[in-house]
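Structure, as structure tokens:
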Amino acid sequence: MLNKKLIKNGKLIDIFLKNYLRKQKKTNLLTPMMYGLLSGGKKIRSNLILDMGKIFNLKRSKLFYLCAAVECIHSYSLIHDDLPCMDDDRFRRGKLSTHVKFGEAPAILAGNSLLTLAFEFLSDEKFKLHDRLKIKLIKSLAICSGHTGIAGGQDLDLKFENKKRNLNQIIDMQRKKTGKLFSFCFSSVGIVAKKNNSEILKLEKIGEDIGLLFQITDDFLDFTSTKKNTGKLTNKDIKKGKKTLISLLGYKRSLKFVNSLEKKILSKLKKHGRNAIDLINIINFITKRNY
Ligand code: GRG
């Protein structure tokens, strides 16, 4: 049931992205960009945006611009993450990674172009939102993506390989690498809904917690699942000496950590009553998924 909804919304976002790209000038980079952007993926971040939007009664047409920007940044991060100088992965989403298919230079440039495309979406004149709010969105996504966010988190992830790191250091790295984009998924909806700064801060926090939950369960999948399910090679973290909760605490204690983080998130979401049912279903999906 939820799977069907995730797929249906994912297809709508893909159509929105395709229609937008179709109107742009044709370039060599468009093919690797579209390969990295539209080659499957669960669209979990877009689904969170759409379900959060329901809580504030926002129109989907506005939310699609947020989803598009987030999927661009997410796909960019995956393309670069798979590069030989980063995690060196040959498979992604059940297919060859973008650099394996098109070469390293086109993959780097396609990733760079998806980064800037995200900001095209947020500043698009057809995105009917006051300029002041658009600037707030642009600044917020820039902060989430840069050295204090995703890029900084990725730097720590690579530097931590085969080193001794404590729980706080690992969680801080994962909150940056993965949590910050989830944080934007929630705060951006609050910005569009014209919420005040303290409400936006609360949204940022819950988004980041959900992102942390997602990253830890992603690490579980690497430990327990298969390429057939996940579409990417598994069992890589141990081989690469990646610092994860499992590497520090072991699987059972990490599972306990996940259960208590999930409880904390659910208790916050339940305050929104029936409106939050769809979001709660996504949290359940995140912790129970096998892909
Ligand atoms: C993107 C600003 C920016 C910088 C690049 C390479 C890099 C720096 C960051 C890597 C960040 C990264 C890959 C984090 C892992 C996040 C994660 C758990 C990805 C898997 O997400 P899913 O399962 O993927 O939602 P699908 O394929 O379903 O879309």
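Values as computed for the structure displayed
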| quantity | calculated |
| --- | --- |
| Residue tally, condition among the hydroxyl-bearing types (Ser, Thr, Tyr) and not in a helix (DSSP H, G or I), over the range 198-231 | 2 |
| Qualifying positions in the range 232-249 - charged (D, E, K, R), within 13 Å of the ligand (Cβ to nearest atom) and either farther than 24 Å from residue 40 by Cβ or not in a helix (DSSP H, G or I) (or both) | 232, 242 |
| Residue 54 more than 16 Å from the ligand (Cβ to nearest atom) and over 19 Å from residue 210 (Cβ atoms) | no |
| Some residue of the range 43-64 being assigned to a loop (DSSP other than H, G, I, E, B) and among the charged types (D, E, K, R) | yes |
| Selection from the range 24-42 of residues that are part of a loop (DSSP other than H, G, I, E, B), in contact (Cβ under 8 Å) with a residue 24 or more places away in the chain and more than 10 Å from the ligand (Cβ to nearest atom) | 28, 29 |
| Given (1) in a helix (DSSP H, G or I); (2) under 18 Å from the mean Cα position of the chain (by Cα), index of the condition residue 134 fails | (2) |
| Subset of the range 248-274 (residues that are among the hydroxyl-bearing types (Ser, Thr, Tyr), within 15 Å of residue 219 (Cβ to Cβ) and either surrounded by fewer than 16 Cβ atoms within 10 Å (Cβ to Cβ) or in contact (Cβ under 8 Å) with a residue 60 or more places away in the chain (or both)) | 251 |
| The range 1-14 residues that are β-branched (Val, Ile, Thr), paired with ones that are modelled with pLDDT of 95 or more (beta carbon under 6 Å, 6 or more apart) | 13/43; 13/46; 13/67 |
| Cβ-Cβ under 6 Å pairs, at least 6 apart or on other chains, the range 167-188 side in contact (Cβ under 8 Å) with a residue 60 or more places away in the chain, far side among the acidic types (Asp, Glu) and in a helix (DSSP H, G or I) | 173/157 |
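The values are calculated or read from the model by the stated rules, or taken from the named source; none is laboratory data. All values reported here derive from a predicted model rather than from experimental measurement. Here the Cβ is made from the backbone with ideal geometry for all residues, glycine too, and neighbour counts use every protein chain on show.
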